[in-house]
Amino acid sequence: MYNFEFRNPVKILFGEGKIGFIVKEIPVGSRILLTYGGGSIFKNGVYDQVVKALQHFTLIEFGGIEPNPRYATLMKAVKIVKSENIDFLLAVGGGSVVDGTKFIAAAANFPGDAWDICSKGAPIESAMPFGVVLTLSATGTEMNPFSVVSNAATNEKLPFGSPWVYPKFSVLDPNVLKSLPKTQLANGVIDAFVHVLEQYLTFPNQAEIQDRFAEAVLLSLLQYGPDYVFKEFDYDVASNTMWAATMALNGQLALGVPTDWATHTIGHELTALYGLDHAQSLAVVLPGMMEVMRTEKHEKLLRYAKNVWNLSEEHDEITIDQAIVKTEEFFQNLETKTHLSEYNIPEAGIEIIIEKLKKQGKIHLGERKALDENRLRALLQMRY
Ligand code: NZQ
Ligand code: ZN
């Protein structure tokens with residue numbers, strides 16, 4: 001196991017009725033900017049609960065943060081932060097609203113061109129404090145220091161991370177998930193599942209605790225995911241899925257182990273260029289990743305096949321083949337497409353994606369930097 005240091009400062013308020021408790025988490029007298037997306041919070045009662053809890057605070061609202069939050073939109077919020085002397089941000093929404101709010105928090109205190117935070121990895125020296133009321137379980141952003149922002153002007157979708165953008169608190173009330181459409185529920189399960197694999201499906205590093213935690217999260221998602229997506233709302237199913245998604249990307253699975261993240265890097269390009277939802281892009285890329293990296297990932301693929309899918313054939317390669325098939329079927333059974341052609345992406349898109357990644361210097365991907373241009377091409381052709 002590699003050396004590590006770990007501190008996750010995010011206070012989690014989990015469960016029914018917890019939205020009302022945010023009043024105790026925000027400094028008295030704060031001028032709050034409430035950030036939200038396209039309006040789902042008005043239809044499902046979340047907005048009303050938040051406003052009721054914060055009736056004694058000054059609340060200013062900023063809506064319209066789009067899925068895959070855009071730099072230009074977020075900079076409008078930064079202006080409001082300054083003109084209205086805002087001192088606390090409250091994100092009420094899914095991963096996009098939370099990520100967008102992280103960017104606003106950092107950009108408001110950033111001296112130069114704030115896009116440099118994403119495009120050049122410019123260091124963040126401070127950020128505004130913010131809290132989260134999560135309405136969509138998927139990304140883990142509610143308990144991590146990462147954010148992904150899109151720039152429509154340059155067709156880029158780029159991540160950044162900084163300890164400054166850990167939320168001060170995050171409310172996870174499973175009841176808010178009731179109003180999510182089936183596609184978003186499926187997206188959440190798939191995103192969380194792939195987050196675990198990005199941190200688990202690499203090479204063994206004698207980190208048994210992390211490996212077994214990862215398997216526990218994967219098995220929970222397999223157990224609860226289909227009911228979460230297709231059956232009538234059940235509080236316990238939603239609770240387990242919600243917590244699984246948070247645990248999948250709050251840092252603990254990555255401690256002391258190598259991590260991959262190539263599936264996400266390629267997936268972000270599919271979203272930036274062709275508009276696939278984040279999880280849809282992952283469902284396309286991941287089976288190809290397992291296939292083209294099967295030699296490097298051999299031991300962990302075998303462990304995954306055995307411990308997660310209960311597969312054990314006479315020949316290892318057949319066991320691994322079956323694990324890859326089962327993984328893709330899991331996504332398909334959640335009614336999510338797994339091929340580029342199903343999204344009507346032109347075949348010429350494959351070279352466009354490769355060129356874009358090359359330009360960003362992202363052509364040696366994965367835990368061993370072994371995913372090169374040829375393998376990337378093979379992967380994308382395989383997934384066409
Ligand atoms: O905008 P509103 O009206 O709120 O509607 C949203 C949006 O249309 C809707 N929604 C959210 N909660 C709802 C609801 N509809 C009904 N009832 C509710 N309770 O769902 C739609 C999608 O929302 P979005 O926030 O975009 O989804 P998600 O949470 O999947 O976030 C995706 C973004 O997070 C990034 C992705 O790249 C993408 O930009 N990620 C962030 C990560 C991180 N910060 O650690 C890691 C992830 O790998 C990921 O990259
Ligand atoms: Zn993801």
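The values are calculated or read from the model by the stated rules, or taken from the named source; none is laboratory data. These numbers were taken from a predicted model, which means no experiment stands behind them. Note that we place each Cβ from the backbone using ideal geometry, even for glycine, and neighbour counts take in every protein chain shown. Surface accessibility is based on the protein's heavy atoms, side chains included, excluding ligands, DNA and RNA. Shrake-Rupley method; radii C 1.70, N 1.55, O 1.52, S 1.80 Å.
Checking K102 against (1) open to solvent by 30 Å² or more (accessible area, probe 1.4 Å); (2) in contact with a helix residue (DSSP H, G or I) (Cβ under 8 Å, 6 or more places away or on another chain); (3) basic (K, R), only one condition comes out false. Which one?
Only one criterion in (1) open to solvent by 30 Å² or more (accessible area, probe 1.4 Å); (2) in contact with a helix residue (DSSP H, G or I) (Cβ under 8 Å, 6 or more places away or on another chain); (3) basic (K, R) is unmet by K102, namely (1).
Please pick out the residue among S220, S239 that is among the hydroxyl-bearing types (S, T, Y), in a helix (DSSP H, G or I) and more than 16 Å from ligand 1 (Cβ to nearest atom).
From the options S220, S239, the qualifying one is S220.
Return the pairs, sorted by first residue and then second, in which the second residue is assigned to a strand (DSSP E or B) and of a type in the set (V, I, T), the first residue lies in the stretch 138-152 and is within 14 Å of ligand 2 (Cβ to nearest atom) and open to solvent by less than 10 Å² (accessible area, probe 1.4 Å), the beta carbons are less than 7 Å apart, and the residues are 6+ apart or on different chains.
Sorted first by the residue in the stretch 138-152, then by its partner, the pairs are E142/V132.
Could you list, in sequence order, all residues of the stretch 153-198 that are more than 14 Å from ligand 2 (Cβ to nearest atom), of a type in the set (G, A, S) and in contact with a strand residue (DSSP E or B) (Cβ under 6 Å, 6 or more places away or on another chain)?
Within the stretch 153-198, S170 is the sole residue that qualifies.
Could you tell me whether G140 is in contact with a Leu (Cβ under 7 Å, 6 or more places away or on another chain) and on the phi > 0 side of the Ramachandran plot?
Judged against the criteria, G140 is a match.
Got a number for residues in the stretch 1-40 being of a type in the set (G, A, S) and farther than 14 Å from F57 by Cα?
Within the stretch 1-40, residues that are of a type in the set (G, A, S) and farther than 14 Å from F57 by Cα number 6.
Which of the following residues is modelled with pLDDT of 95 or more, within 15 Å of the chain's Cα centre (by Cα) and within 10 Å of ligand 1 (Cβ to nearest atom): D260, D277?
D277
Among the candidates G225, G256, which residue alone is among the small types (G, A, S), touching a residue at least 24 places away in the same chain (Cβ under 8 Å), open to solvent by less than 30 Å² (accessible area, probe 1.4 Å) and assigned to a loop (DSSP other than H, G, I, E, B)?
Checking each option against the conditions leaves just G256.
What strands (runs of 3 or more DSSP E) completely inside the stretch 95-183 contain at least 1 residues that are closer than 18 Å to L74 by Cβ and more than 8 Å from ligand 1 (Cβ to nearest atom)?
130-134, 146-151, 156-161
Go through (1) part of a helix (DSSP H, G or I); (2) surrounded by fewer than 18 Cβ atoms within 10 Å (Cβ to Cβ); (3) within 16 Å of ligand 2 (Cβ to nearest atom) for E215 and report which single condition fails.
(3)
Mind checking which residues of the stretch 184-201 are in contact with a His (Cβ under 8 Å, 6 or more places away or on another chain) and either under 17 Å from N250 (Cα atoms) or more than 8 Å from ligand 1 (Cβ to nearest atom) (or both)?
Answer for the stretch 184-201, where residues must be in contact with a His (Cβ under 8 Å, 6 or more places away or on another chain) and either under 17 Å from N250 (Cα atoms) or more than 8 Å from ligand 1 (Cβ to nearest atom) (or both): D191, V194, E198.
With respect to D87, is the statement that it is modelled with pLDDT of 95 or more, surrounded by 21 or more Cβ atoms within 10 Å (Cβ to Cβ) and of a type in the set (D, E) true?
No; evaluated as a whole, the condition is false for this residue.
Between residues in the stretch 177-205 that are free of Cβ contacts under 8 Å to residues at least 60 places away in the same chain and residues that are near ligand 1 (Cβ under 7 Å from one of its atoms) and assigned to a helix (DSSP H, G or I), which pairs lie under 8 Å by C-beta distance while being six or more apart or on different chains?
L180/G188; L185/L177
Residue by residue through the stretch 280-315, note down the ones that are of a type in the set (S, T, N, Q), away from ligand 1 (no atom under 11 Å from the Cβ) and in contact with a helix residue (DSSP H, G or I) (Cβ under 7 Å, 6 or more places away or on another chain).
Listed by number, the residues that qualify are N307, S312.
Being among the aromatic types (F, W, Y) and open to solvent by less than 90 Å² (accessible area, probe 1.4 Å) narrows it down to one of F6, F14, so name that one.
One residue alone meets the criteria, F14.
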